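Data first, discussion second: the structure below is written as structure tokens.
The values are calculated or read from the model by the stated rules, or taken from the named source; none is laboratory data. All figures in this text were calculated on a predicted structure; none of them were measured in a lab. All Cβ positions, glycine included, derive from the backbone under ideal geometry; neighbour counts span all protein chains shown. Protein only, heavy atoms only, side chains kept; ligands, DNA and RNA dropped before computing areas. Shrake-Rupley method; radii C 1.70, N 1.55, O 1.52, S 1.80 Å.
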Protein chains: 2
Amino acid sequence: MARRPKAEGSEDRREQIIDAALRVFARKGFARATNKDIAREAGITPGLIYYYFADKEALLQAVIESRSPLRLFEHLEPAQWDAPPSEFLHAILCQALNIIESEQVISLIRTVLSELLHGEEIPLLPKLFLPRIIAVLQRYLRLQRERGMVRAEVDPEEVAQVLLSAMMGLVMRRQVLRDTSVLRYSHEELVSLVLKTLLPGLLPAS
Amino acid sequence: MARRPKAEGSEDRREQIIDAALRVFARKGFARATNKDIAREAGITPGLIYYYFADKEALLQAVIESRSPLRLFEHLEPAQWDAPPSEFLHAILCQALNIIESEQVISLIRTVLSELLHGEEIPLLPKLFLPRIIAVLQRYLRLQRERGMVRAEVDPEEVAQVLLSAMMGLVMRRQVLRDTSVLRYSHEELVSLVLKTLLPGLLPAS
DNA sequence: TCATATTAATTGACTGACCAGTTAATTTTG
DNA sequence: CAAAATTAACTGGTCAGTCAATTAATATGA
């Protein structure tokens, strides 16, 4: 096989290698993943990787940059801003959870996390995920507080931080620790669980 | 130097190697940590590691088993069971946070987490940390609910899960993501932050 | 319409470095 | 001295990365 600049047959080799690498990195970790592993997963020979990528590190960067779910988070807003807290928060947290717990994003998280754990500076990715959701939550809470739908003494930033941390902790326990006491819930149930304990502190009156 | 079965001079070589290994594993990850690294950190030559440990894997196991903070969690209870929720929860969460965010435990978490991320089954450790705290929290909440100090409709298990997940998420964001928006808080402030948004849903009346 | 030239894509064999683990020799200590 | 502790040199294997050779899609020309 050769010369397939843009033609039929297998789609873009580069993408194919990135996909294979993501799977292998997630399964074995970057350090333990060999070029042979990646090549086998992609159905090519190890040498070919260096036709498309300068070195293993560059392949990792390509994986991280091109498989980031950041674009998915752009479309996170459509939830109705006028809905009451219980509905709005449930909707937006479910959306976020569905994106994050998709197979591809979890693979990316596994890959990035273990690099992040040891020195390696990942450009700017995880610093973009959470602030995105936090900003939306914060904006909504401030709006609803003005309208009197949320207690006056609530600090939107603090609540958003706690809410997000709780969700993140749950995802960690599910996907990394494989904690059965938290794996038994569906996405909807998880969000309901969190909101059930947080909402009473948000809503006015009683 | 030789023969120091129990005598003076440097303390136990074995412990010394374990400490060095923990530091190097945390810094570079198990896969990337070389015996040379560990030996340098311990001030010995690489070969000596194999006098005390069968192989690298056995060293990792020794690190995990002997540096587990499980024993520290045994003494977690002394908090006053009769104190009101705001005091009790603040005290016990601060205790837990202080243990977990100590240098040694964070190093262990870095080490174990990256193994846990990729296939490797860690015996039974992280499955013991959290349940320990959860059990204490749950027991306390049930007790105080009977006394009417906690709302009747509160589910102790669910609240404990959410509380713990929030704390875990915060620790992750601090220690792994190095999220400045959450690093600026002291341990006490962090716990206050979480309780401020959770307590209103727990306490009766309003 | 067929041969041939051109070039991108791909292979597989190779290399130099490094690393986990071994061992024989050496030092220390009791 | 004898046992325990430690070293230094070594080994076999693996892996990231290189490269010359090969293949095949396409373009060119007659």
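Taking the Cα centre of segment A:13-66 as origin, sum charge times position over the Cβ atoms of Lys and Arg (+1) and Asp and Glu (-1), and report the length of that vector in debye to the nearest 20.
Using Cβ point charges on Lys, Arg, Asp and Glu, segment A:13-66 gives about 240 debye.
How much length would be gained if the chain were fully extended between A:S102 and A:E188, taking 0.36 nm per residue of separation minus their Cα-Cα distance, in nm to one decimal?
Between A:S102 and A:E188, full extension yields an extra 29.5 nm.
Relative to the other copies, what are the label-point distances for A:E153, with labels 7 Å from Cα along the C-beta vector, expressed in nm at one decimal and sorted shortest first?
Sorted ascending, the copy-to-copy spacings read 2.0 nm.
Which helices of chain A meet both criteria: a Cα extent of 20 Å or more along the helical axis and a mean Kyte-Doolittle score no lower than -1.0, with helices taken as whole DSSP H segments?
Length and hydropathy pass: A:13-28, A:85-100, A:126-146, A:156-175, A:187-202.
Determine the alpha carbon to alpha carbon distance for each of A:K196/B:K196; A:K28/A:K56; A:K36/B:K28; A:K36/B:K36; A:K56/B:K56 and list only those over 19 Å.
A:K36/B:K28; A:K36/B:K36; A:K56/B:K56
Compute the label-point distances linking B:R71 to its equivalents in the other copies; points lie 7 Å from Cα along Cα→Cβ; give nm, one decimal, shortest first.
5.4
Which shape class applies to segment A:13-66: rounded if a/c is under 1.5, otherwise prolate when a/b exceeds b/c and oblate if not, where a ≥ b ≥ c are the square roots of the Cα gyration tensor eigenvalues?
Since a/c stays below 1.5, the shape of segment A:13-66 is classed as rounded.
Out of B:L164, B:G201, B:A91, whose Cα points farthest toward the positive end of the dipole of segment B:80-206 (charges: +1 Lys, Arg; -1 Asp, Glu; placed on Cβ)?
In segment B:80-206, that residue is B:G201.
Using packing as a proxy for protection, rank A:110-120, A:182-192, A:151-161 so that the peptide with the highest average count of other Cβ atoms within 10 Å comes first.
Top to bottom by mean Cβ count within 10 Å: A:110-120, A:151-161, A:182-192.
With solvent modelled as a 1.4 Å probe, how much accessible area in total do chains A and B shield from it at their shared surface, in Å² to the nearest 100?
Separately minus together, A and B give about 4200 Å² buried.
With +1 assigned to the C-beta of every Lys and Arg and -1 to the C-beta of every Asp and Glu, and no other charges, what is the dipole magnitude of segment A:70-202 about the Cα centre in debye, to the nearest 20?
180
From the P(r) of segment A:51-184, can you give the percent of Cα pairs sitting at distances over 25 Å?
Here the tail beyond 25 Å accounts for 36 percent of pairs.
Which of rounded, prolate, oblate describes the protein assembly as shown, given a ≥ b ≥ c as roots of the alpha-carbon gyration tensor eigenvalues and a/c under 1.5 marking rounded, otherwise prolate only if a/b is larger than b/c?
Since a/c reaches 1.5 but b/c is at least a/b, the shape of the protein assembly as shown is classed as oblate.
How high is the relative contact order of chain B, in percent, counting Cα pairs under 8 Å that sit 6 or more residues apart?
So the answer I get is 20 percent.
How big is the charge dipole of the protein assembly as shown about its Cα centre, in debye rounded to the nearest 20, if each Lys and Arg gets +1 on its Cβ and each Asp and Glu gets -1 on its Cβ?
About 940 debye.
Between A:S66 and A:T45, what's the calculated FRET efficiency when r is the beta-carbon distance and R0 is 25 Å? Round to 0.05.
0.65
For B:K36 and B:E15, compute 0.36 nm times the residue count separating them, minus their Cα-Cα distance, and round to one decimal in nm.
Answer, rounded to one decimal: 5.8 nm.
With r as the distance between the Cβ atoms of A:R151 and B:H75 and R0 = 45 Å, compute the FRET efficiency 1/(1 + (r/R0)^6) and round to 0.05.
That gives a FRET efficiency of 0.75.
Probe of 1.4 angstrom, ligands and nucleic acids ignored: what's the accessible area per residue over the protein assembly as shown, in square angstrom?
Result: 48 Å² per residue.
Using only atoms on other chains, find how many Cβ atoms lie within 10 Å of each Cβ of peptide A:152-161 and report the average.
Neighbouring Cβ atoms belonging to other protein chains average 3 per residue here.
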